[in-house]
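K.L.:
Structure incoming, see below.
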Amino acid sequence: MQAGVKAMADDGALDVKICQLVHLLRDGEPLKMSKRAGTFITLREVVEEVGRDVTRFIMLTRKNDASMDFDFKKVMEQSKDNPVFYVQYAHARACSVLRKAADAFDAMDSSDSALAAADVSRLATDSELALIKQCAAWPRLVESAAEAHEAHRIAFFLYDLASEFHTFWNKGNEDPSLRFVIDGDVEITKARLALVRAVAIVIASGLQVLGVVPVDEMR
């Protein structure tokens, strides 16, 4: 096959990826299928039940040479154990923060150009620095994933970034000084909104690379 590709194109290259099986489950129980009996579930049926984006994201959370269990109930859960929900929820939360900030500060310019000029030196807490480092790693991560033909790296990265963002959110609930919007301190608010916007951009970019549409709000 390699010789055939080279014969048709001097600079052609054939890269064959072998994929392992996907085991379909429902609430932890395997779905029985039989070629002889003609009982089987098609990919179209999976997509029709759980949605294209959920199917695509979950399928890309494993290396192609590793088998996976696809549980119809688990992939629709709204919990941390469901990676696609967890990542989409982080993006929706980030968008919600930006909307609420725009309502709270009518006179504050929260456009991308204004946030780009924010004094990010005000971001010094461990949670803020962790988010900054995670976002900064995105360009190299997507490059390495492309070089290695390992799309699952992007799914893992997005989950880790979402986890860092949710952690920061929760700390703000415990300590008012760590909230994204601080009454009376426009500069720290702008700096944190710039960070929130960066997180939203990176998550949206990662989802788009995987062919998944980012959501602005969860219903």
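K.L.:
Can you confirm whether residue 141 is of a type in the set (A, V, I, L, M), modelled with pLDDT of 95 or more, assigned to a helix (DSSP H, G or I) and not assigned by TED's automatic domain parsing to the domain that holds residue 62?
P.N.:
yes
K.L.:
Still on this structure, I have one more. Output the qualifying pairs, or none if there are none: Cβ atoms under 6 angstrom, residues six or more apart or on different chains, first residue in the range 118-129 and more than 21 Å from residue 108 (Cβ to Cβ), second residue surrounded by 11 or more Cβ atoms within 10 Å (Cβ to Cβ).
P.N.:
Matching pairs, first to second residue: 127/168; 127/171.
K.L.:
Moving to a separate point now. Is it the case that the range 171-189 has a residue that's modelled with pLDDT of 95 or more and surrounded by 17 or more Cβ atoms within 10 Å (Cβ to Cβ)?
P.N.:
no
K.L.:
Out of curiosity, is residue 119 farther than 22 Å from residue 212 by Cβ and not small (Gly, Ala, Ser)?
P.N.:
When the stated conditions are applied, residue 119 passes them.
K.L.:
Hey, can you tell me all the residues within the range 104-118 that are more than 27 Å from the chain's Cα centre (by Cα) and either assigned to a helix (DSSP H, G or I) or under 15 Å from residue 182 (Cα atoms) (or both)?
P.N.:
104, 105, 106, 107, 108
K.L.:
Shifting gears a bit: The conditions are (1) surrounded by 13 or more Cβ atoms within 10 Å (Cβ to Cβ); (2) at pLDDT below 85; (3) assigned to a loop (DSSP other than H, G, I, E, B); (4) not polar (S, T, N, Q), and residue 37 fails exactly one of them. Which is it?
P.N.:
(1)
The values are calculated or read from the model by the stated rules, or taken from the named source; none is laboratory data. Keep in mind that this is a model prediction, so the values were computed, not measured. Using ideal geometry, Cβ is built from the backbone for each residue, glycine included, and neighbour counts are taken over all protein chains shown.
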